[in-house]
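Engineer: I'd like to ask some things about the structure below.
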Amino acid sequence: MATDRYTRRDVTKLVGLAGLGAWLAPARVVAGIAQDGRAGGSVLQIPSWPTELRRLAPNVYAYTQASGPGVDNASLSNAGVIAGPEGLLAIDTLGPPIHAKAFKSAAQTATGKPFDRVINTHHHRDHTNGNCFFSPVEIVSSEYTRQATIDDGIPAQPYDTRPQWQAGMSELKLAPPTTTTNGQTTYRYGHTVGEVIPNHPAHTFGDLMVYLPQHKILFAGDVAFYYVTPAGHNAQITKWIAAIDRITGMDVDVIVPGHGPIGTRKELADTRAYLETIVEETRKRYAMGMSPGRAAADIPLGRFAAWTNPERNAWNTVRLYAEFAGTLSPRQDLDAQNEAVAEYLAIRRSR
Ligand SMILES: [Zn+2]
């Protein structure tokens, strides 16, 4: 039976990153209620977080987008900024135009400087669709990410389930990475060093991270999901765990996840624990011949059941079934994932 892992004070403390200075104020903490009866219906306290550009160190900023319990986090990703004497480096560019423009404007207002380079941590459109609003600049990614960005293109009706995001949508156009790197690359913006580090396969087959060794800050991209169910639709989930272990071995204090509030290694350990749980529990149900949608609904997630976007558990079981069967490919199996999500939701509704 699961136990309540965090008290309100613990969560406020860990979200507030005690000991790292006053730059990170405690986030508002609200309760989320676990839905999984077999896990004891644990009441977990998970935070809400704001849309804001937050200064993490001199010339280093994180941009988070508001989310938390009860908010669909799909496409509400985070970004980062390193400021040099002349210009700015963006770490991801968000998705819908209104998000990308708000991020760009906030950073330029805070620094008084223009963007001159973008790093794409991976190809998902909530991290790359905004590229066109930063061009013409150098856009850096892994080779896989560049090709996957081109292959995915821009949908005919982007974000069509989100009417509140449609402003400026006709301006969206494909702006794939212009420069690819297969190894570690170091950029210097004034005195600030940003190391671009490959860490894949993990969330995708092309993940990059940006590490600032002087400040022990890591922009982890979607290798890190905090208080949000990790999306494994393009992942190799067993290798994702190894990618997290590589971060754990680094000298890092502050981690900006691709989704979720700014955090630390403690939340990264939770991402890892979720992935370990889903791997081990899915393995048992794969061996039993259970369908991936039913497996996702059957797995007791304990304290992770309160994380938003639980339908992604069905994406993750589909990916793991492919891994176990030896048929995994880097690209998403959309039909299988949609079928599994439909079965998962039908089972959950029938309870
Ligand atoms: Zn992603």
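Each reported figure results from applying straightforward, stated rules to the coordinates on display, with no laboratory input. Predicted model, so just to flag it, every value in this text is computed and none were measured. Here the Cβ positions follow ideal geometry from the backbone for every residue, glycine too, while neighbour counts run over all protein chains shown.
Engineer: So, by mean Cβ neighbours within 10 angstrom, what's the order for 128-134, 55-61, 234-240 with the highest one leading? Can you show the working numbers first?
Structural biologist: Numbers: 128-134: 25.1, 55-61: 18.7, 234-240: 23.0.
Ranked from most to least packed, the peptides come out as 128-134, 234-240, 55-61.
Engineer: Now, a different point. Given 0.36 nm per residue, what is the gain on full extension from Ser135 to Tyr187 after removing their alpha carbon distance, in nm?
Structural biologist: Numbers: separation 52, 0.36 × 52 = 18.72 nm, distance 1.87 nm.
Extra length available between Ser135 and Tyr187 comes to 16.8 nm.
Engineer: Excluding residues fewer than 8 places away in the same chain, name every one of the aspartates and glutamates whose C-alpha is closer than 15 Å to that of Lys113.
Structural biologist: Glu86
Engineer: Suppose only helical runs count, i.e. DSSP H with n ≥ 4. What mean residue ellipticity at 222 nm does that imply for the chain under -39500 (n - 2.57) per run, divided by all residues and rounded to the nearest 500 deg cm²/dmol?
Structural biologist: After summing the helix terms and dividing by the residues of the chain, the value is -10000 deg cm²/dmol.
Engineer: Ok, one more. Of Gly190, Gly293, Gly84, which is the most mobile in a GNM of the chain whose springs link Cα atoms less than 10 angstrom apart?
Structural biologist: Comparing Gly190, Gly293, Gly84 in a Gaussian network model of the chain, the most mobile one is Gly190.
Engineer: Can you report the principal axis dimensions of the range 93-175 using only the alpha carbons, biggest first, rounded to whole angstrom?
Structural biologist: The Cα atoms of the range 93-175 stretch 35, 33, 17 Å along their principal axes.
Engineer: While we're on this one: Please report how far the C-alpha centroid of the range 50-128 lies from that of the range 293-351, rounded to the nearest whole angstrom.
Structural biologist: The distance from the Cα centre of the range 50-128 to that of the range 293-351 comes to 30 Å.
Engineer: For the chain, state the average projected area of the convex hull of the C-alpha atoms over all orientations, rounded to one decimal in nm². If you can, show how the numbers build up before the last one.
Structural biologist: Details: hull surface 66.5 nm².
One quarter of the hull surface, i.e. the mean projection, equals 16.6 nm².
Engineer: In the calculated pair distance distribution of the range 166-216, what percentage of Cα-Cα distances lie above 15 Å?
Structural biologist: Working: 800 of 1275 pairs.
Everything past 15 Å amounts to 63 percent.
Engineer: Now for a separate question. Among Thr204, Thr271, Thr181, which one shows the biggest mean-square fluctuation in a GNM of the chain, springs joining Cα atoms closer than 10 Å?
Structural biologist: For the chain, modelled as a Gaussian network with Cα springs under 10 Å, the answer is Thr181.
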